[in-house]
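Trainee: If you scroll down you'll find the structure; I have some questions about it.
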């Protein structure tokens, strides 16, 4: 008994079918004007860009970058934006410094929280969820990135933590209530606990240069919502430049589905899918449909919980329907929440007329070739899987034509399965 299978569809992407995991809340590249005041007020503009002493702390747009030049360490400047609410934030920007001549562990303070004002001072810790420091080295152009601590951590001396030139700083903050796996700048998937943050630094925002500098540091005040973003140049002297400032919200997806396919395997249909990462994944339910609309569960496989390690899964459908079979995955979290994959369609046909089932004049006729005289079990279901008829048959060797009353069968598409010696033949027919 030979069967042939044609795969009609291939699926890749998230099980939630989202096209993107990030939503941009704010972005600015300072290319539209050379006046910094033109970047205040309105969409994708700051709520404020200011200084408390314009004589010793000048603000400009230089070389297409927001530039603060300080000659007095006590003067302050800041730029901020509110109404950037989310529970998981990625804030990224290009940063460089020049003219710095003395060490400062908290020269630039960057904060994310709720209720920030336009004053040039730092927001209070009570309204700040997370905060990071940019520390100046005593050599011009060199800096480091530090997590918030009070008192401030010492300026690093480890060469691997000292940067120069323009670097992209990417700050990930989690306030979702649970751990989140996110796509990191180095191309991997990284797990971040609730109410904590990571900081990545790398030149040119390329994956090969990215370093995880701050790894899972506890938030300053975890009970504060994420809504306001502020950059403050509050200590030391020198010129800093900021560019390509972007704030994005991130929606963690339960499972990142890389592929979902089907293939012929020993008279069955074998389904195969792979995942790039998983978040709180309890299990997969495998569903099949004869019409692509009404699905029934035909099996399940346990998930891998939360992991950034790729997953590989295989499930065998031992009773595929003749014609087109539709399959989808239903991914279930530990909390019972479920999401569905896109549907793949698989055409499955017999290469011989081994089994033929049809209804005529309210009689169900089963025609089948049997290799020997033997018993067989017949089952007829509707497309929801509800059993409408079952019968035990005695087959003769060779051709068989068996008639049964069809009054219990409902109108529409039906599925007949005939078990002969452990081999199950399945056919779709219509009454």
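None of the figures in this text is laboratory data; all of them are computed from the coordinates on show. No experiment lies behind these values; they were computed from the predicted model shown. So basically every Cβ, Gly included, is an ideal-geometry build from the backbone, and we count neighbours across all protein chains shown.
Trainee: Using a Förster distance of 41 Å, how high is the FRET efficiency between residue 263 and residue 397, based on the Cβ-Cβ distance and rounded to 0.05?
Mentor: Values: r = 33 Å, r/R0 = 0.81.
Efficiency, rounded to the nearest 0.05: 0.80.
Trainee: Another one. Determine, for each peptide in 324-330, 378-384, the mean count of other beta carbons within 10 angstrom over its residues, then list the peptides with the highest first.
Mentor: Descending mean neighbour count gives 324-330, 378-384.
Trainee: Also: Going by how many other beta carbons lie within 10 Å of each one, how would you line up 273, 171, fewest first?
Mentor: The most exposed by this proxy come first: 171, 273.
Trainee: Taking a ≥ b ≥ c as the square roots of the Cα gyration tensor eigenvalues, with a/c under 1.5 meaning rounded and otherwise prolate when a/b beats b/c, else oblate, which class fits region 22-250?
Mentor: Rounded.
Trainee: Note down the nm distance, to one decimal, between modelled labels 7 Å out along Cα→Cβ at residue 208 and at residue 356.
Mentor: 6.5 nm
Trainee: From the Cα gyration tensor of region 297-431, with a ≥ b ≥ c the square roots of its eigenvalues, which class applies: rounded if a/c is under 1.5, or else prolate if a/b is larger than b/c, or else oblate?
Mentor: It is prolate, given that a/c is not under 1.5 and a/b is the larger ratio.
Trainee: OK, next. Under a plain spin-label model, where a point goes 7 Å from the Cα along Cα-to-Cβ, how far apart in nm are residue 408 and residue 101?
Mentor: So the two model labels end up 9.7 nm from each other.
Trainee: How do 83-95, 410-422 rank on mean C-beta neighbours within 10 Å, highest first?
Mentor: 83-95, 410-422
Trainee: Can I ask one more? If we sort 175-186, 43-54 on the protection proxy, mean other Cβ atoms within 10 Å, highest first, what's the order?
Mentor: 175-186, 43-54
Trainee: Taking neighbour Cβ counts within 10 Å as the exposure measure, how do 166, 278 sort from fewest upward?
Mentor: On the way: 166 15, 278 26.
In increasing order of surrounding Cβ atoms, one gets 166, 278.
Trainee: Sticking with this one: Can you give me the C-alpha center-to-center distance between region 377-428 and region 49-75, rounded to a whole angstrom?
Mentor: 82 Å
Trainee: Relative contact order for the chain: what percent, with Cα pairs under 8 Å and sequence separation of 6 or more?
Mentor: With pairs under 8 Å counted, the relative contact order is 17 percent.
Trainee: If you average the sequence gap of Cα pairs under 8 Å that are 6 or more apart and divide by the length of region 353-430, what percent do you get for the contact order?
Mentor: 34 percent
Trainee: Find how much the distance from residue 188 to residue 373 grows on full extension, using 0.36 nm per residue of separation minus their present alpha carbon separation; answer in nm with one decimal.
Mentor: Contour length minus the Cα-Cα distance gives 60.6 nm.
Trainee: Now, a different point. Residues in region 128-142 near a label at residue 149, defined as backbone nitrogen under 19 Å from the 7 Å Cα→Cβ point?
Mentor: 130-138
Trainee: Hey, what did region 193-262 get for relative contact order, percent, Cα under 8 Å, at least 6 apart? Present the calculation step by step, with values, prior to reporting the outcome.
Mentor: Numbers: 40 pairs, mean separation 15.8, N = 70.
Answer for region 193-262 is 22 percent.
Trainee: Could you give the distance between the Cα centres of region 235-296 and region 155-224, to the whole Å?
Mentor: The two parts, judged by their Cα centres, are 22 Å apart.
Trainee: Simple spin-label model, 7 Å along Cα-to-Cβ: residue 430 to residue 138 in nm?
Mentor: With each label placed 7 Å out from Cα toward Cβ, I get 8.7 nm.
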